[in-house]
Amino acid sequence: MPSAPHYQALEPQTSDDDEDIENCKVPALVSTPCGGAATPAAMTMPPRWSRPRPVSSVSSRRRCWLPVICVVGFFLVFFYFTLNSENRFTLGLGNANLDDSEDAVYGAHNGLDSTNSHAINESLHICSESHEDRRVYMQDKPRNAYAQLPVIYFVTPTYPRREQIPELTRLAHTLLHVPHIHWLVANDHERCDTFIDILLNRFGIPFTHMASPMPSKFRGSKPAPRGVANRRAVLQWIRQNNLTNGILYFGDDDNTYDLRLFDEIRPTQRVSMFPVGLIADYAVSGPVVRQGKVVAFLDSWIAGRRWPVDMAGFAVNLNYMSQYPNVNMPYKPGYEEDLFLRSINLHIDQIEPRGNNCTEILVWHTQTKNKKAPVVRLEAKYMDGRSNLGALFRALKVMGVASASDNEGPIALISKNGKEKSHSLILS
Ligand SMILES: *[C@@H]1O[C@H](CO)[C@@H](O)[C@H](O)[C@H]1NC(C)=O
């Protein structure tokens with residue numbers, strides 16, 4: 001069981017077993033004398049600034065030094081941010097390959113829910129749910145052959161765009177092969193999308209569909225913390241359902257998953273990690289493994305991240321996670337993985353390397369080109385039962401793919417025998 005006695009929730013205490021974990025104690029050190037305000041900033045301090053004296057050595061006689069430490073701490077934090085935002089521009093923003101979340105300007109959301117000391121407590125709206133597995137066979141065996149396996153909670157943040165339904169369809173067809181899985185589809189939308197309800201129901205995979213819109217205060221920010229509200233909603237759902245068994249995995253709707261990934265993450269004791277293909281400049285991101293142990297990380301964007309891994313590059317055992325009530329994923333673009341893994345007090349020597357000691361790619365950060373849904377000019381008077389086009393375009397509109405208009409967009413080309421025909425000739 002993943003519950004050795006010393007793996008306790010992150011709290012202001014010293015531990016002598018792992019010097020790396022010193023970083024995580026900085027918030028406690030800084031926040032104790034300075035108050036809560038300094039905590040979010042301190043949370044992201046890189047190792048070079050974070051070798052403070054242990055709390056236990058601050059005796060009562062030295063309390064007069066606290067204001068001094070506090071002021072010095074403040075300036076260190078200030079300089080860190082100044083320094084790091086420059087790094088961001090040189091290391092991060094020049095990369096054409098980085099996706100939106102990695103395009104983050106560091107510090108864009110300083111102080112907004114970015115500590116790991118606040119439990120997630122946001123509204124959660126369940127649209128539809130099914131706990132019934134209607135699949136008969138998975139891979140080469142009947143469903144009940146898999147009954148003993150721990151459940152994989154596969155968390156998919158998604159958002160309305162014209163690629164949404166095709167991505168979810170493709171992903172569903174991967175997940176159809178995966179036994180004992182619960183698919184958590186969290187949509188960045190104010191309302192429940194009934195089309196998605198119907199879609200998810202059809203597959204027979206157990207699922208929960210929730211509406212988890214990004215808070216409006218982040219909507220305008222560039223880059224916006226995409227997918228964070230969704231993942232937070234799922235963390236909340238896990239807590240509300242008191243789930244302490246199974247494996248948590250964050251699987252975006254556009255990635256490509258090798259079925260062997262699921263076999264690899266299912267025996268996760270605490271946190272397992274593996275390389276992800278097509279990430280940023282190196283087209284790969286993942287752990288460096290020596291003698292079967294994770295010793296470091298390869299990733300083209302470090303930016304002070306203690307855990308510079310992709311969201312799809314790790315899995316977490318829920319029993320392990322349940323020991324950290326302050327588990328969090330802050331609204332801090334580019335730092336979601338790092339701060340999440342910090343909030344569950346990960347130690348490097350506990351990481352379980354997967355994929356043949358991290359030599360194989362079992363998940364790819366593929367991305368579909370994101371284009372605006374077009375408007376096609378097709379007169380409303382022809383969008384009735386006389387042809388398929390009315391029903392077709394109504395479906396495309398519901399899926400957010402395209403729409404027809406009387407007076408907007410390029411006139412729809414309709415041809416026969418290689419020749420363009422007028423709409424009235426074919427449709428009336
Ligand atoms: C990983 O490496 C260790 C040490 O070299 C070895 O004992 C172990 O069998 C390897 N694991 C796999 C899955 O190859």
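Figures for the structure shown
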quantity	calculated
Scaled radius of gyration (Cα, divided by 2.2 N^0.38 Å) that the range 103-364 gives	0.96
Long-range amide H partners of Phe297 with built H, under 5 Å	Val288
Residue-level accessible surface for Ile181, protein heavy atoms, 1.4 Å, Å²	0
Ile181 long-range amide H proximity, modeled H, under 5 Å	Ile152
Projected area averaged over orientations for the range 184-279, convex hull of C-alpha atoms, nm²	8.1
Solvent exposure ordering (accessible area, 1.4 Å, most first) of Ile361, Ile205	Ile361, Ile205
In sequence order, calculated HN-Hα J values of the range 326-333 (Karplus, 6.51, -1.76, 1.60; Hz; x Gly/Pro)	8, 3, 8, 10, x, 7, 9, x
The range 375-427 - Kirkwood radius from inverse mean 1/r over Cα pairs (Å)	11.5
For Met138, residues with placed amide H under 5 Å, excluding near neighbours	Arg143
Phi-based couplings in Hz for the range 415-425 (Karplus 6.51, -1.76, 1.60; Gly and Pro marked x)	10, 8, 6, x, 10, 5, 10, 6, 4, 5, 5
Largest-first ordering by accessible area, 1.4 Å probe, given options Arg260, Arg342, Arg202, Arg161	Arg202, Arg260, Arg161, Arg342
Euclidean distance of C-alpha centroids, the range 273-316 and the range 191-263, integer Å	22
Accessible heavy-atom area order of Phe340, Phe297, highest first, probe of 1.4 Å	Phe297, Phe340
Exceeding the 25 Å Cα-Cα cut-off - candidates Lys372/Lys421; Lys372/Lys419; Lys372/Lys416; Lys369/Lys416; Lys222/Lys369	Lys372/Lys421; Lys372/Lys419; Lys372/Lys416; Lys369/Lys416
In order through the range 302-318: 3J(HN,Hα) via Karplus (6.51 cos²θ - 1.76 cosθ + 1.60), integer Hz, x for Gly, Pro	9, 6, x, 6, 5, 10, x, 10, 7, 4, 8, x, 8, 9, 10, 6, 5
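The values are calculated or read from the model by the stated rules, or taken from the named source; none is laboratory data. Predicted, not measured: the structure shown is a model, and the values here were computed from it. With ligands, DNA and RNA removed, areas are computed over all heavy atoms of the protein, side chains included. Shrake-Rupley method; radii C 1.70, N 1.55, O 1.52, S 1.80 Å.
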